[in-house]
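The values are calculated or read from the model by the stated rules, or taken from the named source; none is laboratory data. From a predicted model like this one, the values you see are computed outputs, not experimental measurements. Reconstructed Cβ throughout: ideal geometry from the backbone, glycine too, with neighbour counts over all protein chains shown.
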Amino acid sequence: MNTTAESLLATQDQVPHGFYDRLRERGPVHWDEEMKGWLALSYDTCKTVLSNEDLFRHPYADADETMIAVKGGARNITVLQGEEHDRMHRYVLQIFSPKNIKLYIDHHIVPTTRYLIDRLRPRGRAELFEAFCQQLPCRTFMSLFGMDARDDAFLDHVMALHETIMEWAGGRHFHGRELTDRALAASRELNDILIPYIRRSRDNPGNDLMGRLWAEAPDLLAGVTEEDMIATCRELYLGGSDTTVHALANAIYLLLSDSGLFEAVAADPAGSAMGNFIEEVMRTHGSVEYRYRVANQDIELGGQWIRKDQVIFTVNAAANRDPAHYAQPARVDLHRQRPRDHLAFNTGPRVCVGSGLARAEMRTGLAALIRELPGLRLDPDAEPPRFTGFFTRSYRPLNVIFN
């Protein structure tokens, strides 16, 4: 087995792209002793692994009681397998159809964005990671779930619980028991938070997201229970309240670091410039660095021999900058052909069901910041942003000033 002294773990709180480039130049797949798995770094190898669950199974196919408990139950969409997963995946994609996204924008995203901007406008300065990026996705889901989207204490509490879950999800292979215990406690608390809203939507169905899930899920999964609905809402809430935070932060940083880019996007906030910018942000600075799969058999991948049951980390952040697939891969190009040809929202049977909502939140939020905070720019006298994190990464703090 080939090994390398370099480990992905060494890139914690660092810009990792140089590490990815150096490793990928020596080959598309490498063993990482500290991660206890293989790193897949090229576009082709990552797409192959993520698209073929018959060869590379989703790790939650082996879910034990602990994993199921942390994820909120056995009917969590990430835990479901085979035809059950496919049916639920198709249904949730339908919940986030373009028609429904338009309704969510009008009734949830725009009002939430307006509320946050109104709080910022009088100040003339802000730290946008905490004051905007962390809040818009989570408050939007609070609104979608029929919660009070203006409850600051509730927001802070839920974000902290989700952060614990995401930390566990990204490192359960190499973190200890303490993190697992914290994740289990956070999971139980999230269940307790959601259950009153789930019961209210069941007993008095409306047009919010939970009401739609209750009304239509029985057509896909027979005998849907309260526990099933907890698992479904938990995954939507987690995915919708964490990864978009980091993507939005990276988008703001890139806009405010390049005046030409800012001017091009500001001139076309409802058109292709904004849409292509969001795709390029996801490609060059997607919030989730890697996914992982497990080999179902001994198999060759990228010139390496992978043994059955070994873990493969698909480093999508590296694949999205693969020079064999993209011209000038590190450049944000608003005219790139096939702008959605990236792996930031995953690919294959596990492609992100909430990508449409994430794009809508980013488009709405960025357009509002540009429009409502004239003269928006990074504060030259404040702490500059740094690219921090590991499983998820973003630029922070985002200290800005505006007129």
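Residues that are touching a Phe, Trp or Tyr at 6+ places or on another chain (Cβ under 6 Å), without any contact (Cβ under 8 Å) to a residue 40 or more places away in the chain and not small (Gly, Ala, Ser): does the range 214-223 have at least one? Scanning the range 214-223, I find no residue that is touching a Phe, Trp or Tyr at 6+ places or on another chain (Cβ under 6 Å), without any contact (Cβ under 8 Å) to a residue 40 or more places away in the chain and not small (Gly, Ala, Ser), so the answer is no.
When residues of the range 3-35 are filtered for being closer than 26 Å to residue 253 by Cβ and of a type outside the set (Gly, Ala, Ser), how many remain? Break it down stepwise before answering.
Step one: list which residues in the range 3-35 are closer than 26 Å to residue 253 by Cβ, which gives 8-24.
Narrowing the set further to residues that are of a type outside the set (Gly, Ala, Ser) leaves 8-9, 11-17, 19-24.
Here the count works out to 15.
Taking the criterion of being more than 18 Å from residue 42 (Cα to Cα) and of a type in the set (S, T, N, Q), the residues of the range 334-355 that qualify are 337, 355.
For the range 250-269, the criterion of being outside any helix (DSSP H, G or I), aliphatic (A, V, I, L, M), surrounded by fewer than 20 Cβ atoms within 10 Å (Cβ to Cβ) and modelled with pLDDT of 95 or more is met by at least one residue. For the range 176-197, does any single residue satisfy the condition of being closer than 23 Å to residue 140 by Cβ and out of contact with any helix residue (DSSP H, G or I) (no Cβ under 9 Å at 6 or more places or on another chain)? Among the residues of the range 176-197, at least one is closer than 23 Å to residue 140 by Cβ and out of contact with any helix residue (DSSP H, G or I) (no Cβ under 9 Å at 6 or more places or on another chain), which makes the answer yes. Of the residues making up the range 107-125, those that are basic (Lys, Arg) and either closer than 19 Å to residue 355 by Cβ or in a loop (DSSP other than H, G, I, E, B) (or both) are 121, 123.
Go over the candidates 375, 365 one by one and state the one that is modelled with pLDDT of 95 or more, surrounded by fewer than 16 Cβ atoms within 10 Å (Cβ to Cβ) and under 15 Å from residue 262 (Cα atoms). Testing whether each residue is modelled with pLDDT of 95 or more, surrounded by fewer than 16 Cβ atoms within 10 Å (Cβ to Cβ) and under 15 Å from residue 262 (Cα atoms) leaves just 375. Counting only residues that are among the charged types (D, E, K, R) and surrounded by 16 or more Cβ atoms within 10 Å (Cβ to Cβ), which one in the range 7-25 is farthest from residue 284 (Cα to Cα)? In this case the residue turns out to be 24. Pairing each residue of the range 257-281 that is touching a residue at least 60 places away in the same chain (Cβ under 8 Å) with any residue that is outside any helix (DSSP H, G or I) and of a type in the set (Asp, Glu), provided the two are 6+ apart or on different chains, yields C-beta distances under 7 Å for 274/268. Mind listing whichever residues of the range 26-47 are outside any loop (DSSP other than H, G, I, E, B), surrounded by 18 or more Cβ atoms within 10 Å (Cβ to Cβ) and of a type outside the set (Gly, Ala, Ser)? Selection gives 29, 30, 32, 38, 39, 43, 45, 46, 47. If you go through the range 49-106 and keep only what is surrounded by fewer than 14 Cβ atoms within 10 Å (Cβ to Cβ) and assigned to a helix (DSSP H, G or I), you end up with 62, 65, 82, 83, 86, 90, 98, 99, 102, 103, 106. For the range 4-31, filtered to residues that are aliphatic (A, V, I, L, M) and out of contact with any Lys or Arg (no Cβ under 9 Å at 6 or more places or on another chain), the residue that is nearest to residue 295 (Cα to Cα) is 29.
Considering the range 88-119, and only residues there that are among the aliphatic types (A, V, I, L, M) and in contact with a Ser or Thr (Cβ under 9 Å, 6 or more places away or on another chain), the residue that is nearest to residue 228 (Cα to Cα) turns out to be 88. Can you find a residue that is β-branched (Val, Ile, Thr), assigned to a loop (DSSP other than H, G, I, E, B) and surrounded by 17 or more Cβ atoms within 10 Å (Cβ to Cβ) anywhere in the range 306-316? Yes: one or more hits.
If you go through the range 347-359 and keep only what is of a type in the set (A, V, I, L, M) and surrounded by fewer than 23 Cβ atoms within 10 Å (Cβ to Cβ), you end up with just 351. Residue-level check: of (1) modelled with pLDDT of 90 or more; (2) surrounded by 23 or more Cβ atoms within 10 Å (Cβ to Cβ); (3) touching a Cys at 6+ places or on another chain (Cβ under 6 Å), residue 246 misses just (3).
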